[in-house]
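The values are calculated or read from the model by the stated rules, or taken from the named source; none is laboratory data. Nothing here was measured: the structure is a model prediction, and the numbers come from that model. Cβ placement follows ideal geometry from the backbone for every residue including glycine, while neighbour counts extend to all protein chains displayed. In case anyone asks, the SASA skips ligands and DNA or RNA and just uses the protein heavy atoms, side chains included. Shrake-Rupley method; radii C 1.70, N 1.55, O 1.52, S 1.80 Å.
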Amino acid sequence: MVRFDFQGKRVLVTGGTQGIGLGIAAAFADAGAEVIVSGTRVNVGDYDDDLSCFTYVHARLDQSGDRAALVEAAGAIDILVNNAGQSHADEYSMEGYGRVIEVNLNAAAELCYLFHPVLRERGGTIVNVGSCASFIAIGYAPAYTTSKTGLLGFTRAVADQWARDGVRVNMVAPGFIETRMTAEVRADERKAGNTLRAIPVRRFGTPPEVAAATLFLASPEAPYITGQSLVVDGGLMLR
């Protein structure tokens with residue numbers, strides 16, 4: 001197993017309180033980094049998991065003011081992981097569509113812009129968490145599909161622009177991972193069966209597997225990689 005060393009590095013993982021985000025935050029902490037996580041609940045004790053090894057910042061990322069406050073609270077970081085995201089029950093309404101776009105795309109973009117000066121100064125890096133929906137359509141989730149497709153384009157554009165500043169920007173694109181977001185699919189025998197038949201390795205992924213890809217992209221072992229997307233999907237996109 002590859003071991004990464006992030007001793008002395010400060011990392012912010014948005015939405016790092018559960019699921020993929022928590023897996024990423026835990027992996028960075030295990031590799032020696034000081035990790036800050038953001039979440040929507042007022043008190044860190046309101047979460048089921050023990051987050052005591054992280055610095056917690058309450059931030060509603062659909063609010064620009066909270067995004068600015070998060071940047072101030074986090075301070076000088078070396079690595080930004082834009083993981084926070086959501087879907088909505090009705091993405092065919094402008095209300096549902098707008099809420100998803102605001103969190104999944106606009107918040108990530110603004111945090112990249114706000115952190116750019118300090119990342120440029122510290123030779124930092126950004127890893128955006130996209131999705132297989134960055135490449136394929138999810139018919140019942142047009143806002144989610146749009147946000148993740150947009151995040152891919154955004155990642156490529158700013159990676160091009162900021163390469164001269166020494167800031168690398170990449171994206172990790174998970175497929176079906178064992179998280180709360182996929183719980184309904186995994187709990188339904190028919191849906192789970194249909195999904196697994198589309199995944200060549202015939203299983204769902206895990207947050208630590210996404211975390212490993214994220215740490216690689218953020219590490220000194222990937223100095224010549226920028227503007228890329230690393231798909232972690234068990235072969236789903238081969239179909």
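Looking at the structure I just gave you, is Tyr144 more than 26 Å from Ala222 (Cβ to Cβ), under 16 Å from the mean Cα position of the chain (by Cα) and of a type in the set (Phe, Trp, Tyr)? Spell out the reasoning first.
On the way: more than 26 Å from Ala222 (Cβ to Cβ): yes; under 16 Å from the mean Cα position of the chain (by Cα): yes; of a type in the set (Phe, Trp, Tyr): yes.
Yes, satisfied.
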I'd like the full set of residues that are small (Gly, Ala, Ser) and in contact with an Asp or Glu (Cβ under 7 Å, 6 or more places away or on another chain), limited to region 206-239. Gly227
Pairing a residue in region 139-156 that is more than 14 Å from Cys112 (Cα to Cα) with any residue that is open to solvent by 30 Å² or more (accessible area, probe 1.4 Å) and not in a helix (DSSP H, G or I), where Cβ atoms lie under 6 Å and the two sit 6 or more apart in sequence or on different chains, gives Ala141/Ser87; Tyr144/Ser87; Thr145/Ala137; Thr145/Ile138
Here are the criteria: (1) in contact with a Lys or Arg (Cβ under 8 Å, 6 or more places away or on another chain); (2) of a type in the set (D, E, K, R); (3) open to solvent by less than 30 Å² (accessible area, probe 1.4 Å). Tell me which single one Asp62 does not satisfy. (3)
Quick one: how many residues across region 42-63 are modelled with pLDDT of 95 or more and closer than 23 Å to Glu102 by Cα? 8
Please verify whether Arg10 is open to solvent by 20 Å² or more (accessible area, probe 1.4 Å) and under 24 Å from Ser131 (Cα atoms), treating the condition exactly as stated. no
Positions within region 24-54 being under 20 Å from Thr214 (Cβ atoms) and surrounded by fewer than 16 Cβ atoms within 10 Å (Cβ to Cβ), in sequence order: Gly32, Asp49, Cys53
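Here is a list: Thr179, Thr226. Which entry is under 18 Å from the mean Cα position of the chain (by Cα) and over 28 Å from Arg122 (Cα atoms)?
Going through Thr179, Thr226 in turn, the sole match is Thr179.
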What number of residues within region 75-95 are surrounded by 18 or more Cβ atoms within 10 Å (Cβ to Cβ) and part of a helix (DSSP H, G or I)? 0
Only one of Val37, Val57, Val103 is farther than 19 Å from Val118 by Cβ and of a type in the set (Val, Ile, Thr), namely Val103
